[in-house]
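Okay, so here's the structure we're looking at.
Quick note: the coordinates plus some simple rules give every number you see, no bench work behind them. All values derive from a computational prediction rather than experimental measurement. Cβ placement follows ideal geometry from the backbone for every residue including glycine, while neighbour counts extend to all protein chains displayed.
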Amino acid sequence: MPASEPMPGCARSSRSPLRLGDIVPFTTVDWPGRLAAVAFCVGCPWRCPYCQNHLLWSPDAATSTLDDLLALMRERQGLLDGVVFSGGEPLMQEALPDAIAQVRSLGFEVALHTGGADPARLEAILPQLSWVGFDVKAPWDAYERITGVPGSGDAARESLRLVLASGVAMEARTTWHPALLSTAEVERLARDIAQEGVRSWAVQAYRHVGTDGSLPRETVYPSDVPEGVAGLFESYEFRRA
Ligand code: SF4
């Protein structure tokens with residue numbers, strides 16, 4: 001999901017219920033146009049085979065807490081614009097709304113990387129967010145092939161609609177491995193989300209490094225993107241995942 005890789009690091013504290021796999025203190029790539037820290041939340045209900053943060057799937061993978069994050073951000077006041085909550089799937093954590101509120105109380109903006117697995121929790125925090133990076137994994141009816149979870153496409157579609165209705169700035173991104181999505185499916189996905197109202201879309205070519213190695217070492221190239229789909233969006237980018 002995220003562009004930055006987690007690094008080992010912060011001390012454990014027992015006071016905060018937010019469970020973080022790590023904290024990256026500085027990024028310029030995880031939130032376009034902002035200087036931010038990234039808080040990697042542990043736990044995810046989905047099992048995408050291209051996941052580069054599969055070590056965060058277990059809730060027991062936590063090494064850092066909200067206290068660690070807040071201590072870092074107090075040191076970075078005036079230097080950073082905000083915090084990106086990434087994962088894993090941040091929406092899985094009950095402590096996320098309070099964590100966002102505490103980060104904002106220090107004067108920072110907050111962004112979210114999500115696949116939209118919990119529309120109700122997403123709806124509750126949307127007013128507190130300044131930007132959302134939203135993973136669109138497949139045409140809605142093909143989600144289970146990627147996530148391994150029945151009904152995940154319905155949850156993702158509901159979440160995407162909530163983000164778009166909120167007016168919060170957002171980017172949709174799709175990680176593409178040729179064995180998981182056909183060219184026709186990528187075209188259908190692009191047309192679906194453009195019709196929903198997505199204005200910014202990025203195709204992220206599968207990258208083998210950092211995954212669990214279960215997929216073939218294949219990827220896609222800019223010329224594989226179906227002709228005409230880039231023009232459906234005000235902003236389009238092809239990038240390495
Ligand atoms: S939604 Fe998929 S890619 Fe994102 S953290 Fe979960 S398994 Fe990994």
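Considering only PRO49, PRO150, PRO139, the Gaussian network model of the chain with Cα springs below 10 Å gives its largest mean-square fluctuation to PRO150.
Largest GNM mean-square fluctuation among GLU75, GLU94, GLU158, using the chain with Cα springs under 10 Å: GLU75. 3J(HN,Hα) along the range 122-133: 4, 4, 5, 9, 3, x, 9, 9, 9, 6, 10, x Hz, from the Karplus curve 6.51 cos²θ - 1.76 cosθ + 1.60 with θ = phi - 60°, whole Hz, x for Gly and Pro. When Rg and Dmax are taken over the Cα atoms of the range 20-240, they come to 16.8, 48 Å. Multiplying the residue separation of LEU55 and ASP192 by 0.36 nm and subtracting their alpha-carbon distance yields 46.2 nm. Taking 0.36 nm per residue of sequence separation and removing the Cα-Cα distance, the ASP212/GLU123 pair yields an extension gain of 28.9 nm. Extension gain, TYR221 to TYR236, is 4.0 nm, computed as 0.36 nm per intervening residue step minus the present C-alpha separation.
Across the options LEU91, PRO59, PRO49, the greatest Cα extent toward the positive end of the charge dipole of the range 44-105 (unit charges at beta carbon of Lys, Arg, Asp, Glu) belongs to PRO49.
Around the Cα centre of the chain, unit charges on the Cβ atoms of Lys, Arg, Asp and Glu (plus for the first two, minus for the last two) sum to a dipole of about 320 debye. How large is the helix-only mean residue ellipticity at 222 nm for the chain, computed as the sum of -39500 (n - 2.57) over DSSP H runs with n ≥ 4, divided by its residue count, in deg cm²/dmol to the nearest 500? So the calculated ellipticity at 222 nm is -7500 deg cm²/dmol. Comparing ALA61, ALA111, ALA156 in a Gaussian network model of the chain, where Cα atoms under 10 Å apart are tied by springs, the biggest mean-square fluctuation is seen for ALA61.
When ASP192, ASP60 are sorted by how many other C-beta atoms sit within 10 angstrom of their C-beta, beginning with the fewest, the order is ASP60, ASP192. Measuring r between the beta carbons of GLN77 and SER182 and using R0 = 41 Å, the FRET efficiency lands at 0.30.
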